[in-house]
Amino acid sequence: MSYLKLGILALIDIWLLFKVWQEMVILLDRALALSSKELKYKSTFDVFWAPLFLSSLVAALLARIFFIVSNISLYRGVSFSLFPYIKLQNEVIWFTYMPWRLLRFGEGINIPSFFVTLGIFYLVYLFRVLRHIRKQVELTTEFSRFFVRLYIKSAFYIICLVLVNLLAIQYGIV
């Protein structure tokens, strides 16, 4: 695995997420200016950062599972336990048995699959939030066109994020 290629891929992903954040800030400013009602989503934390954090947690767990599946020979002999630790003499070792071994992120995760699942989960959550904002704001013709344009641009950036990482997986760049 080339760290330069991985770094370039991560920079592209971060840039695409920045572009989505930028569109959300524009949308929120416009929605707050045009709304006569109190909006449920008032800040970029509600619209961008909270969904991104939740999507990142799910994506990290799935990327870890993909890493384990792709390197199954390393995990074939690991036994199963209900307890997340093993006690050897005076030492306690955490997360050595399955399913707790999934939580040892230091062993590795599949980076492109992380960004693919992040993009998919974030896209679904983003559409739900944007649909709620659209219901709360009076729909003038100007806002409808503006909203649809930002909706499409945000979806385009997230789909690009997913496709770039799928291509990286397909062609073995990372």
Hits in the range 134-151 (condition: over 12 Å from R30 (Cα atoms), at pLDDT 70 or above and surrounded by 11 or more Cβ atoms within 10 Å (Cβ to Cβ)): V148, R149, Y151
Any hit, the range 28-36, residues being in a helix (DSSP H, G or I), in contact with a Leu (Cβ under 6 Å, 6 or more places away or on another chain), modelled with pLDDT of 70 or more and not basic (K, R): no
Qualifying residue in the range 110-125 (condition: within 29 Å of L27 (Cα to Cα), surrounded by fewer than 15 Cβ atoms within 10 Å (Cβ to Cβ) and modelled with pLDDT of 80 or more): yes
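The values are calculated or read from the model by the stated rules, or taken from the named source; none is laboratory data. Model, not experiment: these values are computed from the prediction. Methodologically, a virtual Cβ is constructed for each residue, glycine included, from the backbone with ideal geometry; neighbour enumeration extends over all protein chains shown.
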